[in-house]
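Structure record follows, encoded as structure tokens.
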Amino acid sequence: GFVQQVQQRDERCVAHGKMWRSNCRDCPNGKTQKEKIDLTIDLNKGMYPGEAVTFEGVADEKPGMTAGDLNFFIVEEKHDHFHRDGDHLYVTMEIPLVDALTGFSHEFTHLDGHKFTVPVNDVTECDHVMRVAGKGMPRRNGRGFGDLYITFDVDFPDTLSEEQKRGIRKIFGKKDP
């Protein structure tokens, strides 16, 4: 003859050697009860997008089973001016031609709200990238900050009057055509 042994989970089983009865006085709402718990998510400065914060053993559970983990994933919000790459921040800034030629200073408001000024004393070329050390995102390990990279777009005037053209030629020592 042929003998076959099959194991099957009995839905009435709540633990080894224990069975749930549907008319149990101690369990009017079924095998499990809903429970409301408060969780606090501790976020560290400099956390990366996609990084997980895990609470072990707090997810739904069934009798005879281990409760699962609850995972939250960091989602980075888009910003109107800055974008992030690792610990570094990047921003593009449009400046008028006169500032590109003569220098300027600009006050920035960082993502955390503090203000700082970046002076530019030299001639700035179009698409020039300036590195400002320590003004990026906080490092994940808590040791310092990344850098801020500013790309300058020089805004050239659409038109110049004849008087403006003569003045520019005079400044650069070029004669009128």
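The values are calculated or read from the model by the stated rules, or taken from the named source; none is laboratory data. Just so it is clear, the structure is predicted and the values come from calculations on it, not from any experiment. Cβ sites come from the backbone with ideal geometry, for glycine too, and all protein chains shown count toward neighbours. The protein model used for the area step is the full one, side chains on, heavy atoms only, and it has no ligands, DNA or RNA in it. Shrake-Rupley method; radii C 1.70, N 1.55, O 1.52, S 1.80 Å.
Across region 43-163, the volume of the C-alpha convex hull divided among the residues equals 129 Å³ per residue. Taking Lys and Arg as +1 and Asp and Glu as -1, the other residues whose beta-carbon sits under 12 Å from that of Pro119 total -3. Mind checking region 64-96 for GluC sites (Glu not before Pro) that DSSP puts in a loop (not H, G, I, E or B) and that have at most 14 other Cβ atoms within 10 Å? Of the GluC sites (Glu not before Pro), the ones in loops of region 64-96 whose Cβ has at most 14 other Cβ atoms within 10 Å are Glu76, Glu77.
Taking only protein heavy atoms and a 1.4 Å probe, the accessible area of region 25-177 is 48% carbon and sulfur.
Annotation note: GluC sites (Glu not before Pro) in region 95-177 located in DSSP loop regions with a Cβ neighbour count of at most 16 within 10 Å are Glu125. For region 38-144, the set of trypsin sites (Lys or Arg not before Pro) satisfying both a DSSP loop assignment and a count of at most 16 other C-beta atoms within 10 Å is given as Lys45, Lys78, Arg139, Arg140, Arg143.
A cut-off of 5 Å between modelled amide H atoms, ignoring neighbours fewer than 5 places along the same chain, links Arg139 with Gly144, Phe145, Gly146. Computed 3J(HN,Hα) for region 103-119, one whole-Hz value per residue from the Karplus formula 6.51 cos²θ - 1.76 cosθ + 1.60 where θ = phi - 60°, is x, 5, 9, 9, 8, 9, 10, 5, 4, 8, x, 6, 9, 8, 10, 10, x, glycine and proline marked x.
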